[in-house]
There are 2 protein chains.
Amino acid sequence: MPDGIERSLLAAIVEGRLAPGAQLSEAQLAEAFGVSRTLVREALARLQARHVVAVRPRRGWFVARPDSDEAAQVFAARRAVEHGFLATARPFDAEQVARLEAHLAEERDAIAQGDKPRLTYLMGDFHARIVALSGNEPLTEIMRNLTARTILISLCRQSSDDALASHRDHVRIVGAIASGDMALAARLSVEHLDAVEAGLGRDTAPDPLAALRDTLRLDPAPDGAASPLAPSPH
Amino acid sequence: MPDGIERSLLAAIVEGRLAPGAQLSEAQLAEAFGVSRTLVREALARLQARHVVAVRPRRGWFVARPDSDEAAQVFAARRAVEHGFLATARPFDAEQVARLEAHLAEERDAIAQGDKPRLTYLMGDFHARIVALSGNEPLTEIMRNLTARTILISLCRQSSDDALASHRDHVRIVGAIASGDMALAARLSVEHLDAVEAGLGRDTAPDPLAALRDTLRLDPAPDGAASPLAPSPH
DNA sequence: AATGCAGGCCTTGCATGCAAGACTGATCGA
DNA sequence: TCGATCAGTCTTGCATGCAAGGCCTGCATT
């Protein structure tokens, strides 16, 4: 169902080639893909439904920049979905476990080769693949969306980038699944997500005024019409 | 984000005014809503992304008719999401519980008044509202989609229509939540979904030949190229 | 030098036009 | 009477055209 345009854009975004906040011009994309604006608009609309891009009326399309609230909610949603899936899933058979271990090998390779974009993708996709192996399409789609948003979240923040720690967590989760202890796998997944979320830094460039505000040591305006004449604490 | 057209269509579908399998003409909808086909197409595309309508190329748009496989997967997804949400959620406070009890009162009213469409909506929305009360938007959106698809599923089947049994399950779930026993609520939710799924009848009109086959007392063809000349068991 | 203002350029929003596939029904032939 | 073919009509698919809103730049003014 997703056409090539949606796929290309999504790939470019989750691989970091299109940074959060980047503007996407319908006309430019149309020319780049060799189609009319109509198809580009449809692809963008689908990505908007997935919270991957956002449109500002008459302004343009932009790669989404999830704020802290949204980030927290996405992580909470992932905890719920991943825990629920593992807690209600039947134990995996040998072939499914083998595929997970193959994925772990991929992660190892990416780490060894220092292939950062690929690693980012793999770390997120690990969780989606677990669900995908169950064959449940609705849940897989849900997980793919949530992991895409998670990638966007970490791209917006100075992630502490402990890929090795995450990889170790993944190994442990696969171990639990392989031993048939789905409840343990569920618990480990939640802890893993907690760890990843805790490792997220502050929002990078929350808005263009942040640097200025920081320089001037002004507090963020409590609401719309706040003191432009606040006494400077020198 | 969802415009009025998408909302109207979705409402008409989940309330049963637009039956599963019904065709939706872009031109007719455009005229009905007083807009051009463009906006109708965008709304339909969004509903397609939510698996509520489907398009057959050059044929037309149709209200989705989930098959048994999809139905099973949607129920499995709901089990995972609802269980995971309750198992990872913090206990509800008094106001949240009060809102759930208000919902139960609505269900009671609808049952008392025999308001079938409203009841169908309320029974599905109960689960979405539990999640909505947590304030988690991504998860709420996920649940709303899954419940909409669930409604579509029961509309396709001769549901055994034990609204009272479902209501009793809901009362029990709210009771568990009220007592702070989220693990119990999670377990009850999964059992409730199992019961609802088990109560689903066979697919109504799996294909246009079903009625004929039933009338003639023919067995369903075992596979594609099966006996059009089977001896009639008179 | 700083500020207000206007013209132009950029963007999307939406309608419309045209082409092509798929089904329907009628007509023609055997 | 049955079957096949072909025109007509319906549908979507996609491109394009036009209008309207927001922003940026350059100029005039103070």
Test A:Ala19 against the stated conditions and say whether it is open to solvent by 30 Å² or more (accessible area, probe 1.4 Å), more than 16 Å from DNA strand C (Cβ to nearest atom) and closer than 30 Å to A:Val190 by Cα.
yes
Would you check if A:Val40 is at pLDDT 95 or above and open to solvent by less than 50 Å² (accessible area, probe 1.4 Å)?
yes
Specify which of the listed residues (A:Val81, A:Val55, A:Val63, A:Val74) is surrounded by 20 or more Cβ atoms within 10 Å (Cβ to Cβ) and within 16 Å of DNA strand C (Cβ to nearest atom).
A:Val63
Complete set of residues in region B:22-34 that are open to solvent by 50 Å² or more (accessible area, probe 1.4 Å) and more than 14 Å from B:Gln48 (Cα to Cα)
B:Ala27, B:Gln28, B:Glu31, B:Ala32, B:Phe33, B:Gly34
Please work out which residue is nearest to the other protein chains (Cβ to nearest Cβ), limiting yourself to region B:34-52 and to residues that are assigned to a helix (DSSP H, G or I) and near DNA strand C (Cβ under 9 Å from one of its atoms).
B:Glu42
Specify which of the listed residues (B:Val81, B:Val63) is within 14 Å of chain A (Cβ to nearest Cβ) and not aromatic (Phe, Trp, Tyr).
B:Val81
Does region A:169-190 hold any residues that are among the hydroxyl-bearing types (Ser, Thr, Tyr) and away from every other protein chain (no Cβ under 14 Å), and which are they?
A:Ser179
Return only the number of the condition from (1) open to solvent by 10 Å² or more (accessible area, probe 1.4 Å); (2) assigned to a helix (DSSP H, G or I) that A:Arg90 does not satisfy.
(2)
Determine, yes or no, whether A:Gln28 is away from DNA strand D (no atom under 16 Å from the Cβ) and in a helix (DSSP H, G or I).
no
Test of understanding: among B:Arg99, B:Arg79, B:Arg118, B:Arg59, which residue is charged (D, E, K, R) and not assigned by TED's automatic domain parsing to the domain that holds B:Ala186?
B:Arg59
Could you say whether any residue in region A:10-21 is within 11 Å of DNA strand D (Cβ to nearest atom), in a helix (DSSP H, G or I) and either of a type in the set (Val, Ile, Thr) or within 11 Å of another protein chain (Cβ to nearest Cβ) (or both)?
no
Can you find a residue that is out of contact with any Lys or Arg (no Cβ under 8 Å at 6 or more places or on another chain), on the phi < 0 side of the Ramachandran plot, hydroxyl-bearing (Ser, Thr, Tyr) and within 16 Å of DNA strand D (Cβ to nearest atom) anywhere in region B:35-58?
yes
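The values are calculated or read from the model by the stated rules, or taken from the named source; none is laboratory data. All figures in this text were calculated on a predicted structure; none of them were measured in a lab. Because the Cβ atoms are built from the backbone with ideal geometry, glycine has one as well, and the counts that use them run over all protein chains shown. Ligands, DNA and RNA are stripped out before the accessible areas are found, and what is left, the full protein with its side chains, is counted by its heavy atoms. Shrake-Rupley method; radii C 1.70, N 1.55, O 1.52, S 1.80 Å.
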